[in-house]
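Written below as C-alpha cells is the structure these notes are about.
The values are calculated or read from the model by the stated rules, or taken from the named source; none is laboratory data. For clarity, every value in this text was computed on a predicted model and none was experimentally measured. Methodologically, a virtual Cβ is constructed for each residue, glycine included, from the backbone with ideal geometry; neighbour enumeration extends over all protein chains shown. Heads up: the accessible areas ignore ligands, DNA and RNA and are worked out on the full protein's heavy atoms, side chains in. Shrake-Rupley method; radii C 1.70, N 1.55, O 1.52, S 1.80 Å.
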Amino acid sequence: MFPSILLLILGLWSVAATINAFRPFRQTLLLFPSLFWSWLVIGLPVQHVVIQMVIAGLLIWWGALDEVTGWIGLALLVASWVGSLVLLLKTRRSRTVVDTALGAHGISRSGDPVPMWRVVVAAPFRGGGVEKTSNIPYRTVAGRVLKLDVYQRRGDTAGRPALLYIHGGGWTVGDKREQGLPLLHHLARNGWVCFSANYRLSPGATFPDHLIDVKAALVWIREHGTKYGADTSFVAVAGGSAGGHLAALVGLTENDPRYQPGFEPADTSAQAVVPIYGVYDTTNRMGVQSDQYVSMLMEPLVMKAFLDDEPEKFYDASPLDRIHPDVPPFLVIQGDRDTLAPVAEAREFVDQLDDSSTSRVVYMEFPGAQHIFDLFYSNQSAQMVEGVLAFLNDEYRRRISGPAEM
C-alpha cells in the first residue's frame, strides 16, 4: 500500500507542477513559490520527466501498481508528462523567435553555438576555455568597496569588445557570482571581455545609488579595461530583472550629471543595451505588477518615498519615462510567462522606444519563459545567449566599419 500512495503523491505533485507551469500564480503570497516551481519545470522539462520516470520505476518495482491508487498515480504522471512535452515544444520555438528578431534587422547568427551537452547538463560551468579574474575593486563608497569579476577567453589578445553585466534581485539581494553566467561564459568563449559588477543594495541604498554605482563601473571599465584586453571604445551593458532596469537606465541617461556625482565629466555612454526580463515602470501604472509591488518594495525599500507624495522620483526611475530619440541600440528580451516582470511592461517599453529611438530596437519574446529563465542552460537560454551574441557582434561590426549598405 505504501508504494502506491507514494506513486499517487508523485502523480499529484507532477500534475500540480505542470498546471503551475502553464498558469503560474501572480498573487503576492504565492508569487515567489509559484515562480521558482514553474521556472524549474519550464526550463528543464526533459530532466524533470526523466527524474520522475526513475522514481516511478523504482516505486513500480516496489509494488506500487498492486493497488488502484498506484494506477491513478501513474495515470496522473503520464498526463503531466504530456504537458511537459507541450512545454518542451514551446521552448523549442525559441530558435524561431531569435532568428525572426535578428532577421528583421538584417542580423545573422555569428560565433560558436552553445554545445548541446551544456543544455543537457544545464549547470553553467565556465569550462577551460574561459578564465575568470575575481573581486577587482572598482569603487569605494559609503564605507564599502564595490568589486567586479572579469571573464575572458583564455589566451586572447587586446582589442576585444566589452560587456558590463548587472545582476538582478529586486535591488535588495543578489550577487555578481550568481546570475547571467550562461551569457557571460558564452560571450567570453566567443571573444568578448565581460565584466560582472556588484552594486549597493537596498534598503541600505536608495535609488539612484544603484544606478550611480553601475555608471561608476562603466567608467572604471573605460579607464582600466585595456588591462584585460578590452576595446574600451565599445562597451555594451546588459542585466537581468532589476539589473535589466538599471541597464536600460544606463542607456537612457547617458552622461547625465545627476547620476554620476564626483565623476560628472566621465563618459557613461553605452554602445548597446540588453535588458533581460527587466522592470520598466516603478509606479505600476499599468496594473500588471503584484498588488504589493509599490507599497512593499518600491516605496519603503528602494525609493524610500511615497509615490503619491513624490511621483517625480518614481518617474525618474522608470525607463518608460526616460525614453528619448538619442539612445543606443537596444535588444530587449522577455518571457511571455514572466510573473515578476510582466510581459505587458516590456511590450509597452519596446513600442515606445521603437517609436522614438533613432537607433534600432530588437525585441525577443520567448514563449513559455518564466522570470530568470537564463539562470542555467536550457533550450530557451541557449538560444537567448546566441541571439545576444549575434546582436552585439553586429553592433560592434557596425561601430568599426559602419552600417552595411542595404
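Filtered by the rule that a residue be surrounded by 17 or more Cβ atoms within 10 Å (Cβ to Cβ) and in a loop (DSSP other than H, G, I, E, B), segment 268-284 gives T268, A270, Q271, Y277, G278, V279, Y280, D281, T282, T283, N284.
Here D351 clears all of (1) outside any helix (DSSP H, G or I); (2) within 21 Å of the chain's Cα centre (by Cα) except the condition numbered (1). For the subset of segment 139-156 comprising residues that are outside any loop (DSSP other than H, G, I, E, B) and out of contact with any helix residue (DSSP H, G or I) (no Cβ under 8 Å at 6 or more places or on another chain), which member is least open to solvent (accessible area, probe 1.4 Å)? Among those that are outside any loop (DSSP other than H, G, I, E, B) and out of contact with any helix residue (DSSP H, G or I) (no Cβ under 8 Å at 6 or more places or on another chain), it is D149.
Within segment 356-381, restricting attention to residues that are of a type outside the set (A, V, I, L, M), in contact with a strand residue (DSSP E or B) (Cβ under 9 Å, 6 or more places away or on another chain) and surrounded by fewer than 23 Cβ atoms within 10 Å (Cβ to Cβ), the residue that is farthest from V121 (Cα to Cα) is S357. Scanning segment 113-168 for residues that are of a type in the set (G, A, S), free of Cβ contacts under 8 Å to residues at least 12 places away in the same chain and over 19 Å from L187 (Cβ atoms) returns a single hit, G143.
Considering the conditions (1) assigned to a helix (DSSP H, G or I); (2) open to solvent by 20 Å² or more (accessible area, probe 1.4 Å), G127 is excluded by exactly one of them, (1). Scanning segment 144-172 for residues that are touching a Gly at 6+ places or on another chain (Cβ under 8 Å) and among the aromatic types (F, W, Y) gives a single hit, Y165.
Test A344 against the stated conditions and say whether it is within 28 Å of T358 (Cβ to Cβ), surrounded by fewer than 20 Cβ atoms within 10 Å (Cβ to Cβ) and modelled with pLDDT of 95 or more. For A344, the condition - within 28 Å of T358 (Cβ to Cβ), surrounded by fewer than 20 Cβ atoms within 10 Å (Cβ to Cβ) and modelled with pLDDT of 95 or more - is met. Taken over segment 1-26, the criterion of being closer than 19 Å to D336 by Cβ and either open to solvent by 80 Å² or more (accessible area, probe 1.4 Å) or among the polar types (S, T, N, Q) (or both) is satisfied by T18, I19, N20, R23, F25, R26. Can we say D308 is in contact with a Ser or Thr (Cβ under 7 Å, 6 or more places away or on another chain), modelled with pLDDT of 95 or more, open to solvent by 10 Å² or more (accessible area, probe 1.4 Å) and assigned to a loop (DSSP other than H, G, I, E, B)? No: the conditions fail for D308. Restricting attention to segment 198-228, the residues that are open to solvent by less than 10 Å² (accessible area, probe 1.4 Å), outside any helix (DSSP H, G or I) and either at positive phi or in contact with a strand residue (DSSP E or B) (Cβ under 6 Å, 6 or more places away or on another chain) (or both) add up to 0. Just so you know, in segment 69-124 the residues that are outside any helix (DSSP H, G or I) and over 22 Å from W192 (Cβ atoms) include one that is modelled with the lowest pLDDT, and it is R92. For segment 157-194, the set of residues classified as outside any strand (DSSP E or B) and aliphatic (A, V, I, L, M) consists of A158, V173, L181, L183, L184, L187, A188, listed by residue number. Do we find that R189 is over 18 Å from G229 (Cα atoms) and either of a type in the set (K, R) or over 16 Å from the mean Cα position of the chain (by Cα) (or both) in this structure? It is false that R189 is over 18 Å from G229 (Cα atoms) and either of a type in the set (K, R) or over 16 Å from the mean Cα position of the chain (by Cα) (or both).
Can you find even one residue in segment 40-53 that is open to solvent by 80 Å² or more (accessible area, probe 1.4 Å) and part of a loop (DSSP other than H, G, I, E, B)? For segment 40-53, residues open to solvent by 80 Å² or more (accessible area, probe 1.4 Å) and part of a loop (DSSP other than H, G, I, E, B): absent. Comparison of G63, G103, G111 shows that the only residue that is open to solvent by less than 60 Å² (accessible area, probe 1.4 Å), on the phi > 0 side of the Ramachandran plot and under 28 Å from the mean Cα position of the chain (by Cα) is G111. Only one entry in L320, L340 is in contact with a Ser or Thr (Cβ under 9 Å, 6 or more places away or on another chain), part of a loop (DSSP other than H, G, I, E, B) and in contact (Cβ under 8 Å) with a residue 40 or more places away in the chain, namely L340. Would a scan of segment 65-74 turn up a residue that is closer than 30 Å to D394 by Cα and not hydroxyl-bearing (S, T, Y)? Scanning segment 65-74 turns up no residue that is closer than 30 Å to D394 by Cα and not hydroxyl-bearing (S, T, Y). State the number of residues belonging to segment 230-244 that are open to solvent by less than 10 Å² (accessible area, probe 1.4 Å) and over 20 Å from D326 (Cβ atoms). Count: 7.
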